[in-house]
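Step one of this worksheet: look at the structure below.
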Amino acid sequence: MRVLGIESSCDETAAAVYDGSAGLLSNVVSSQVKVHAAYGGVVPELASREHLKSVVPVVEKALADAGSGRDAIDGIAATAGPGLIGSLLVGLCFAKSLSFAWEKPVCGVDHLESHVYAVFLESEVVFPYVALLVSGGHTSLFRVTGWEAMRFLGGTLDDAAGEAFDKAAKMMGVGYPGGVAIDRLSQGADPARYRFPRAWLSHDSADFSFSGLKTALRTFLASPEGAAAKVEDVAASFQEAIVDVLAGKALAAAKREGIPRLVLSGGVSANSRLRLLARERGAAEGVDVYLPSRSLCTDNAAMVALLGERRMSAGSRSGPELNAYAASRFTR
Ligand SMILES: Nc1ncnc2c1ncn2[C@@H]1O[C@H](COP(=O)(O)OP(=O)(O)OP(=O)(O)O)[C@@H](O)[C@H]1O
Ligand SMILES: [Mg+2]
């Protein structure tokens, strides 16, 4: 099957075409970073309006790049949730309208699932695997046993890791999006210069907590030592506290599950230090670590088109009642 995928869950309007035989044919992302930068975070109402402006040109470009007219498209997949409800509705309603006008089937896909399966765009991972989904809104571990089977093992009790990066960058005044800014600042800086707390929770817990770390940074920045500190070393030390826990807990979960395969997914898995640590520690512990390209970690529609193609090829279809949802379906 050849599927057009549409993603609009947060602040990226994206469209892609994935073909079950030929693979990924196009992948277009229009970012709203400049629109939200002045606010230091995504403003939901502005995000919806930007999606409205971008969705038609982005879909047209994805079709043109793929050399596909509507006749070559067998189905349309769109992110149904979780995410910002206004943003989701723009992409989803557009997909449903196209489905009606083109007389092609439509399939709603889950944003978290599409992150977790994005790795298949580049690698044929063997099931089962453990997935760390670490993004702006989520930090969770899953046991993934098939295309329809993802079991929640644990997740953050408070902030997502991406949220911690973004809020920390705002406190330090170093730019937006925060994770990217902190990653860049940390290059060449000393990650052991300051010791920020790591919340390991109980010995075998697959849960995470980053709110204490955020408070520790705020307290440190307000102290005389913090005021005199080199911002690069603060960024690197803060980043180290996050990625140490992410890599440590993800590898521990893989070992507990008896699965020697770990897949990283979501925007924070674009982080250079996390990628290095996960790869090094995985090699030392006999766990194969899969790292999708950075552009496939952050929000994109290639992962939506891929998951849509797999699901629709297996007979999955959504009806006219298909609607957007804001909250995650994967809970403890
Ligand atoms: N190099 C990086 N280092 C650390 N964090 C990063 C990096 N690149 C992006 N991020 C973070 O990734 C997050 C965005 O990821 P993504 O686009 O997957 O999240 P989202 O779609 O907003 O959230 P979710 O997928 O949970 O709905 C932001 O918090 C951003 O700061
Ligand atoms: Mg995302």
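So, counting K/R as plus one and D/E as minus one, what does the shell of residues with Cβ under 15 Å around residue 218 add up to?
Numbers: positive: 167, 170, 214; negative: 158, 159, 163, 166, 225.
Net charge in that neighbourhood comes out at -2.
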At the level of C-alpha centres, the distance separating region 38-108 and region 268-304, in angstrom, is 27
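Mind running the shape call on region 135-231? Use the C-alpha gyration tensor, a ≥ b ≥ c as the square roots of the eigenvalues: rounded below 1.5 for a/c, prolate if a/b tops b/c, oblate otherwise.
Working: a/c = 2.52, a/b = 1.87, b/c = 1.35.
Prolate shape, in that a/c is at least 1.5 and a/b is the bigger ratio.
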Relative to the longest principal Cα axis of the chain, at what angle does helix 161-172 sit, 0 to 90 degrees, rounded to 10?
60
Angle, helix 44-66 long axis vs. longest principal axis of the chain, Cα atoms, 0 to 90°, nearest 10?
60
D (µm²/s, integer) via Stokes-Einstein for region 125-291, Kirkwood Rh across alpha-carbon pairs, 25 °C, 0.890 mPa s: value 153
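Taking Cα pairs under 8 Å and at least six residues apart, what relative contact order does region 177-332 come out at, in percent?
On the way: 151 pairs, mean separation 33.7, N = 156.
The value is 22 percent.
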Which net charge results for the neighbourhood of residue 17, defined as the other residues with beta-carbon distances under 14 angstrom from its beta-carbon, given Lys and Arg at +1 and Asp and Glu at -1?
-3
Give the percent of DSSP beta bridges with both residues in the chain that are antiparallel, rounded to the nearest 5.
60
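Express as a percent, rounded to the nearest 5, the fraction of DSSP beta bridges in region 125-291 (both residues included) that run antiparallel.
Details: 12 of 20 bridges.
Rounded to the nearest five, the antiparallel share is 60 percent.
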Diffusion coefficient in µm²/s returned for the chain by Stokes-Einstein, Kirkwood Rh over C-alpha pairs, 25 °C and 0.890 mPa s, is 121
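Quick note: the coordinates plus some simple rules give every number you see, no bench work behind them. If you're wondering where the values come from, they're calculated on a predicted model, not measured in any experiment. Glycine gets a Cβ as well: all are built from the backbone with ideal geometry, and neighbour counts include every protein chain shown.
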